[in-house]
1. Please name all residue pairs, on different chains or six or more residues apart, with Cβ atoms under 6 Å, provided the first residue is in the range 63-76 and is farther than 16 Å from residue 118 by Cβ and the second residue is of a type in the set (D, E, K, R).
2. For the range 70-82, what are the residues that are touching a Leu at 6+ places or on another chain (Cβ under 8 Å) and in a strand (DSSP E or B)?
3. Is it the case that some residue within the range 44-65 is over 16 Å from residue 15 (Cβ atoms), among the β-branched types (Val, Ile, Thr), surrounded by fewer than 16 Cβ atoms within 10 Å (Cβ to Cβ) and out of contact with any strand residue (DSSP E or B) (no Cβ under 9 Å at 6 or more places or on another chain)?
4. Filter the range 83-130 down to residues that are in a loop (DSSP other than H, G, I, E, B) and touching a Phe, Trp or Tyr at 6+ places or on another chain (Cβ under 6 Å) and give me whichever is nearest to residue 59 (Cα to Cα).
5. Within the group 69, 83, which residue is over 13 Å from the mean Cα position of the chain (by Cα) and either among the aromatic types (Phe, Trp, Tyr) or closer than 30 Å to residue 129 by Cβ (or both)?
6. May I ask you to list the residues in the range 1-49 that are of a type in the set (A, V, I, L, M), at pLDDT 85 or above and touching a Lys or Arg at 6+ places or on another chain (Cβ under 9 Å)?
7. Can you name the condition, by its number, that residue 80 falls short on among (1) among the hydroxyl-bearing types (Ser, Thr, Tyr); (2) closer than 21 Å to residue 12 by Cβ; (3) in contact with a Phe, Trp or Tyr (Cβ under 6 Å, 6 or more places away or on another chain)?
Amino acid sequence: MTEFVTVKELRDSLAELLDSDLGTYSNGIKRIWVAPPSAPPSNGEGLECIIQRQPAGAIRNSSGRQKKDFREWLVTLVNYADDASLSVAAEKVKANYTFPRGSPPFYQPPTAETFEQISFQIYDPILINY
């Protein structure tokens, strides 16, 4: 299991994994963003990955005066294209990260108001030494 000390490490890992699947913003940067703040304004094209800056978590006692932080990073993939890129990228994420028991990925089909998307809670427990 991979430990991400910072959100940047998680972002870099996802950017490498999804490099060939991600679309680009109008400024040419790959569509992967840590929120907040909001992503740059852009026309809706390609696949976008949005990572919430702060993980949810619960700190519990462990052995040897250590504590364990059971963190969960919220990652959402949004498909601005009418193609199979979301399912391809989602399978890559499922194969490479761990998810909390009882928290499967949440798929939202496209509607008149929203684009197709899937959200994951990536499980990332870390030990905290005091």
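The values are calculated or read from the model by the stated rules, or taken from the named source; none is laboratory data. What you see is a predicted model; the values in this text were computed from it and never measured. Cβ coordinates were reconstructed from backbone atoms using ideal geometry, including for glycine residues, and neighbour counts include every protein chain displayed.
1. Sorted first by the residue in the range 63-76, then by its partner, the pairs are 68/60; 71/124.
2. Within the range 70-82, the subset touching a Leu at 6+ places or on another chain (Cβ under 8 Å) is 73, 75, 77-81.
73, 75, 77, 78, 79, listed by residue number.
3. No, because not a single residue in the range 44-65 is over 16 Å from residue 15 (Cβ atoms), among the β-branched types (Val, Ile, Thr), surrounded by fewer than 16 Cβ atoms within 10 Å (Cβ to Cβ) and out of contact with any strand residue (DSSP E or B) (no Cβ under 9 Å at 6 or more places or on another chain).
4. The selected residue is 100.
5. On inspection, the qualifying residue turns out to be 69.
6. Our first condition is that a residue be of a type in the set (A, V, I, L, M); within the range 1-49, this holds for 1, 5, 7, 10, 14-15, 17-18, 22, 29, 32, 34-35, 39, 47.
From what's left, at pLDDT 85 or above: 7, 10, 14-15, 17-18, 22, 29, 32, 34-35, 47.
Matches in the range 1-49: 7, 15, 17, 18, 22, 32, 34, 35, 47.
7. Of the numbered conditions (1) among the hydroxyl-bearing types (Ser, Thr, Tyr); (2) closer than 21 Å to residue 12 by Cβ; (3) in contact with a Phe, Trp or Tyr (Cβ under 6 Å, 6 or more places away or on another chain), the odd one out for residue 80 is (2).
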